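The block underneath contains the structure these notes are about, expressed in structure tokens.
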Amino acid sequence: MSYSFRDLTVYKKAYSLAMDVFEITKSYPKEERYALTDQLRRSSRSVCRSIGEGYRKRQYPKHFKSKISDADMENSETQISLDFA
């Protein structure tokens, strides 16, 4: 059986959050479109991208750690932007 990063619980949760962020930000005011809405969408999607990239490079521990660190950083950025929202 072949596994994918999409099978990871952490990926599923990150993807779900990114989809929730997308739906929630649809109702944000137009003046927040670029400063807050776009940034929230980008950072929440970057969590998923970093997890996927890290999973593909898991045989290289340093690269894997770097990508997981990137995912954590993007998740923190998403959380902070949600605080501002």
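Per-residue ellipticity at 222 nm computed for the chain from its helices equals -24000 deg cm²/dmol, with DSSP H segments shorter than 4 residues left out and the rest contributing -39,500 (n - 2.57). So for the chain, taking the charge dipole from beta-carbon charges (+1 Lys/Arg, -1 Asp/Glu), which of S4, L36, Y15 sits furthest toward the positive end? Checked the options; the winner is S4. Contact order for the chain, expressed relative to its length and based on alpha carbon pairs under 8 Å spaced 6+ residues apart, stands at 31 percent.
Estimated from the Cβ-Cβ distance and a Förster radius of 35 angstrom, the FRET efficiency linking S69 and K30 is about 0.50. Segment E23..Q79, full-extension length gain: 18.6 nm, with 0.36 nm per residue of separation and the alpha-carbon distance subtracted. Once the Cα atoms are used to define both axes, helix 61-84 deviates from the longest principal axis of the chain by about 20 degrees. Counted residue by residue at 0.36 nm each, then reduced by the alpha carbon distance between them, the extension gain from R49 to K12 reaches 12.1 nm. Residue-wise HN-Hα couplings along the range 33-39, as the Karplus relation 6.51 cos²θ - 1.76 cosθ + 1.60 with θ = phi - 60° gives them from phi, are 3, 8, 5, 10, 4, 5, 5 Hz; Gly and Pro carry x.
Packing here is the average count of other Cβ atoms within 10 Å per residue, and on that basis the peptides 38-45, 77-84, 2-9, highest first, run 38-45, 77-84, 2-9. Sorting 29-36, 61-68 by their mean Cβ neighbour count within 10 Å, with the most densely packed peptide first, gives 61-68, 29-36.
Computed from the coordinates by the stated procedures, all read-outs in this text should not be read as laboratory data. Because the structure is a prediction, the values reported are computed rather than measured. Reconstructed Cβ throughout: ideal geometry from the backbone, glycine too, with neighbour counts over all protein chains shown.
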